[in-house]
Amino acid sequence: MRHVLLLITATLLLFSCTKTTEKADTVYLNGLVYTVNDDQATAEAVAVAKGKILAVGTSTEIREYIGKETTTIDLSGKTLTPGFIESHAHLMGIGYNKLEIDLMYVATYEELVAKVAEAARNAEPGEWITGRGWHQDKWLALPQDAVKGFQIHDALSAVTPLNPVYLAHASGHASFVNQKAMELAGIATLGSENVPQEVDGGEIIRDELGNPTGILIERASGLVSKLIPKDTPERAEKALELALQELAEKGITSFHDAGSGQEVIDLLEKFKQESRLTARMYVMLSGRQPELVDSWLQKGPLVDPDHLVTVRAIKLNMDGALGPWGAWLLEDYSDKPGHRGHETMPMQLVGEIAEKGLKHGFQICSHAIGDRTNREVLDQYEATFAKFPQVTNHRFRIEHAQHLHPDDIDRFGALGVIAAIQAIHLSSDRPWAIGRLGAKRIKDGAYVWQKLLGSGAVISNGTDAPVEPLDPIPSFYASVTRKTLKMEPDGGYEPDQKMTREQALRSYTLDAAYAEFEESFKGSIEVGKAADFTVFDKNIMEIPENEILNTRVVLTVVGGEIVYQAD
């Protein structure tokens, strides 16, 4: 009996000595790891197995997970964070922006006309010429014959007599078209019947004689955009390929698509089945397509167990943007007396869709830039929550939350409404936005990130690409400096509202994951979570702020797979 006991003891000792640590598929060593996990804020190394995080710790500790088949990546001091999540942008718009005329960086009207003229020389007669990205407030100067703050179409029409032209404003809330396009759309000129032509929820800008200038605001753009031929499936696939490539290069591992239709969802599903999807997608259904919304409300959300294509949100576009004076305000624009912007959808629609959303498990994401729109949306949300007190995890959002009345700021936290901001808008818009709103409204309620955080609200961050470039680095820079990308002014605009670097990182990772109900799956570097990482060549959490804009993404990892590696 004693021999048997000795044999059992020896066997147990042998087993304990030979037991090995689970081996990783990949380990990342010698880095600066910011986990966004309060229990272990920083580390040096991470081990990954089967697309999930296996261990987090020092390089010495993580070396224990290296086996014969393990890939070892030496970060050599580079910074690794949870994968960045773009929480408000337009996926296909990013891709199409690469297939059309990119007007984001034109500095004058003359430069815009030259770009269109070049495209016209290569186009067949009658072929549509399209582009996006112009913004008159960012030009060096407006043309002398400008009307109501916008250029007129004469020079554009002169270089495109045979081709209709449609150029979307950078904000997406206005367009600029030529004479040929207006003729096709039946937009009346002086001497025609029914002048001026009214558009519900929009405006055709006209000169003092009544002639259209080529500028279409909000829903008036649809008079022309509906005439543009539908894309071919091949062109749509190419646009998606280009968009995904851009996401990977910019370190984006997850993407909140702010308003799409069934054709985009179907294309994403196709790319998923073909293993061509290199970022995780959270799709908001476009509220501009009521039949689409109704059909999804009937069948319920699509929550993907693979965490690649999820559809459980509805996007409602409730006002315009500040640039074309379309944001809906409580008081007149400072630089346009008598004008307060546009309600682009009936406000009661928010309450109607919100009730259906709570009943059927959909999140509601309402575009609201002006202070009146934000107040009205919050009123609709609050009334809906009161009818469904049993639903406490709704995570309804306001997209942009850009200009708020001081009385409404604390309501975000009190109601549990997420503020889905785009910090880069401050860098781009603040220099001229003060002209729209005046100093007091800017100080009291515009881009008030610390006030929102102080209310207890969750802030998710993004870029609204292609309104702004997709790159999260400029938006991170704007979050923590409140400066333009020219690093002005000293100290930043309204500096008391700067985010800390920790808050900014969280807004792009864990809180952005929370905004899509995924914080238990991704958004921080913790054991068991998705191995989604962004690796930067500089330590964005500690370098001097004037070096942040020189930071580059060197590695993007989704589910443990490298989807981008810099040369």
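What the table below lists for this structure:
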{"item": "For region 368-416 versus region 473-546, the gap between their alpha-carbon centres in whole angstrom", "result": "24 Å"}
{"item": "Sparse-neighbour loop sites [GluC sites (Glu not before Pro); region 460-567; at most 15 other C-beta within 10 Å; DSSP]", "result": "Glu542"}
{"item": "Degrees, to the nearest 10: 472-481 long Cα axis against longest axis of the chain", "result": "80 degrees"}
{"item": "Antiparallel content of DSSP bridges confined to the chain, in %, to 5", "result": "50 percent"}
{"item": "Assigned charges on the beta-carbon of Lys, Arg, Asp, Glu; region 391-433 dipole about Cα centre (debye)", "result": "160 debye"}
{"item": "Ranked packing of 93-105, 456-468, most packed first, by mean Cβ within 10 Å", "result": "456-468, 93-105"}
{"item": "Environment charge of Thr373, counting only residues whose C-beta is closer than 9 Å and scoring Lys/Arg +1, Asp/Glu -1", "result": "-2"}
{"item": "Debye equation applied to the C-alpha atoms of region 237-286, log10 I(q)/I(0) at 0.30, 0.31 Å⁻¹", "result": "-1.36, -1.39"}
{"item": "Global form of region 92-225, assessed from the alpha-carbon gyration tensor, a/c cut-off 1.5", "result": "rounded"}
{"item": "Order by protection proxy (mean Cβ within 10 Å, highest first), peptides 136-148, 304-316", "result": "304-316, 136-148"}
{"item": "Helix-only [θ]222 nm of the chain, DSSP H runs n ≥ 4, -39500 (n - 2.57) each, per residue, nearest 500", "result": "-9500 deg cm²/dmol"}
{"item": "Long-range tail of P(r) for region 318-499 (Cα pairs > 25 Å, %)", "result": "32 percent"}
{"item": "J(HN,Hα) series, region 140-151, from Karplus relation 6.51 cos²θ - 1.76 cosθ + 1.60, nearest Hz, glycine and proline x", "result": "4, 6, 7, x, 5, 8, 4, 10, 6, x, 10, 5"}
{"item": "Given charges at Cβ of Lys, Arg, Asp, Glu: the chain dipole, positive-most of Thr310, Ala168, Gly462", "result": "Thr310"}
{"item": "Formal net charge of residues neighbouring Arg340 (Cβ-Cβ distance under 14 Å; K, R +1; D, E -1)", "result": "-4"}
{"item": "Amide H contacts of Ile418 (H built 1.01 Å from N, under 5 Å, at least 5 apart or other chain)", "result": "Phe396, Arg397, Ile398"}
{"item": "Over the chain, relative contact order from alpha-carbon pairs under 8 Å, at least 6 apart, %", "result": "16 percent"}
{"item": "Karplus-derived HN-Hα couplings along region 411-423 (A = 6.51, B = -1.76, C = 1.60, θ = phi - 60°), whole Hz, x at Gly and Pro", "result": "5, 4, x, 5, 8, x, 8, 7, 9, 8, 9, 10, 4"}
{"item": "Using θ = phi - 60° and Karplus 6.51 cos²θ - 1.76 cosθ + 1.60, couplings along region 261-270 (whole Hz; Gly, Pro as x)", "result": "x, 5, 5, 6, 4, 4, 5, 5, 4, 4"}
{"item": "Amide H contacts of Asn163 (H built 1.01 Å from N, under 5 Å, at least 5 apart or other chain)", "result": "Gly126"}
{"item": "Amide H contacts of Thr26 (H built 1.01 Å from N, under 5 Å, at least 5 apart or other chain)", "result": "Val48, Thr71"}
{"item": "Total formal charge among the other residues, if their Cβ is under 13 angstrom from that of Leu549, Lys/Arg +1 and Asp/Glu -1", "result": "-1"}
{"item": "Dipole axis of region 318-499 (+1 Lys, Arg; -1 Asp, Glu on Cβ), positive-most option in Val391, Trp328, Pro431", "result": "Val391"}
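Every number in this text was worked out from the coordinates using simple rules, so none of it is lab data. Worth saying up front: this structure is predicted, and the values here are computed from it rather than measured. FYI the Cβ positions are ideal-geometry reconstructions off the backbone, even for glycines, and counts take in every protein chain you see.
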